[in-house]
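Engineer: Quick one: the structure is below, and I'll ask about it shortly.
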Amino acid sequence: MENNTPSRLLIELPFLPCLDFFVGMLTHDEVHLEAHEQYQKQSYRNRCYVLTANKIDCLTVPVAGATNHQPIREVRIDNGTPWQQRHWRCLESAYRKAPFFEYYAPQLEAVYRREWEFLFDVSWEMLTICRQMLGIKTPLLLTEWYQKNPPDGTFDARSRMNAKNPPDKPLFYHPEPYMQNFGPHFAPNLSIVDLLFCAGPDALDVLRKSRQ
């Protein structure tokens, strides 16, 4: 890491994060996940994007009456809708022929088969599993309180990483193409599951090559 690069990354917890998130992890000495922010609608906090046969699809975890003023750890999942079945059927349809689907799928499917009450908890579990699959050793901590102005040496990425960012305006990610399931055109910065299912053990190397 260059001397002028902040050593800590402060960022919110997304659901099945995009590649930009993981490249950010590799670019810093440690990552602090904001556990005391207020929930924001239409963000990566409750959704991810995957490549299907016809299009890029958005997988959303429905939340129960959450507003932009609700503490993130109090946001409950709306389990009145079959979101887990919808997610898993989409992932199976999109990636069952991917080279490493059978290797990684059981751990992820096990998460989808559990009952979850809070959005933060299922997102944390998914992130933990994906970090283990990738072999990323960057320390990961939860904030103990909300700091509007983080200390020196911190890159504050809170609410700066979202799907509305143009593909050529990521925070940390410089696309390193890898073989995907559908078509000749590479779709950058999808959920980490796309990279894991398609690249397997080479996924971490792809992320390292994607650092700007």
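Engineer: FRET efficiency for Glu102 and Lys148, Cβ-Cβ distance as r, R0 = 30 Å, nearest 0.05?
Structural biologist: Details: r = 46 Å, r/R0 = 1.53.
The calculated FRET efficiency here is 0.05.
Engineer: With a 1.4 Å probe and every protein chain left in place, work out the accessible area per residue of the chain in Å², rounded to a whole number. It would help to have the intermediate numbers written out before the result.
Structural biologist: On the way: 10980 Å² over 212 residues.
Ligands and nucleic acids excluded, the result is 52 Å² per residue.
Engineer: In addition: Specify the inter-centroid distance of region 37-51 and region 115-129, based on alpha-carbon positions, in whole Å.
Structural biologist: Spelled out, the Cα-based centre of one part sits 13 Å from the other.
Engineer: Per 0.36 nm of contour for each residue apart, how much would the distance between Thr128 and Asn162 grow if the chain were fully extended, relative to their Cα-Cα spacing? Before the final figure, lay out the partial values.
Structural biologist: Details: separation 34, 0.36 × 34 = 12.24 nm, distance 2.06 nm.
Here the segment from Thr128 to Asn162 would lengthen by 10.2 nm.
Engineer: If amide H atoms are built 1.01 Å from N in the plane of the peptide, which residues on other chains or at least 5 residues away come under 5 Å of the amide H of Gln70?
Structural biologist: Tyr39
Engineer: Would you mind checking which residues have amide H under 5 Å from Leu142's amide H? H placed 1.01 Å from N; only 5 or more apart, or other chain.
Structural biologist: Leu33
Engineer: Order these peptides, 26-38, 56-68, by their mean beta-carbon neighbour count within 10 angstrom, highest first. Don't skip to the end; give the middle numbers.
Structural biologist: Numbers: 26-38: 18.5, 56-68: 14.9.
In descending order of packing, they fall as 26-38, 56-68.
Engineer: If packing is taken as the mean number of other Cβ atoms within 10 Å per residue, what is the order of 187-198, 72-83, highest first? Mind showing how you got there, number by number?
Structural biologist: Working: 187-198: 23.0, 72-83: 15.3.
Highest to lowest by the protection proxy: 187-198, 72-83.
Engineer: Further, regarding this structure: Could you work out what % of the accessible surface of the chain is carbon and sulfur, using a 1.4 angstrom probe and leaving DNA, RNA and ligands out of the count?
Structural biologist: On the way: 5170 of 10980 Å².
The computed percentage sits at 47.
Engineer: Give a residue-ordered list of calculated ³J(HN,Hα) values for region 69-81 (Karplus: 6.51 cos²θ - 1.76 cosθ + 1.60, θ = phi - 60°; whole Hz; x for Gly, Pro).
Structural biologist: 10, 8, x, 4, 7, 9, 6, 8, 7, 8, 7, x, 10
Engineer: Something else now. For region 1-116, report the % of Cα-Cα distances exceeding 22 Å. Intermediate values should be presented prior to the final figure.
Structural biologist: On the way: 3041 of 6670 pairs.
So the portion of pairs separated by more than 22 Å is 46 percent.
Engineer: To the nearest 20 Debye, how big is the dipole of region 8-210 about its Cα centre, given +1 on the beta carbon of each Lys and Arg and -1 on that of each Asp and Glu?
Structural biologist: Values: 22 positive and 24 negative charges, 92 e Å.
Dipole size: approximately 440 debye.
The values are calculated or read from the model by the stated rules, or taken from the named source; none is laboratory data. Note that the coordinates shown come from a computational prediction; the quantities given were computed from them, not determined experimentally. No Cβ is skipped: glycine too gets one built from the backbone with ideal geometry, and neighbour counts run over all protein chains shown. These accessible areas exclude ligands, DNA and RNA; they are computed on the full protein's heavy atoms, side chains included. Shrake-Rupley method; radii C 1.70, N 1.55, O 1.52, S 1.80 Å.
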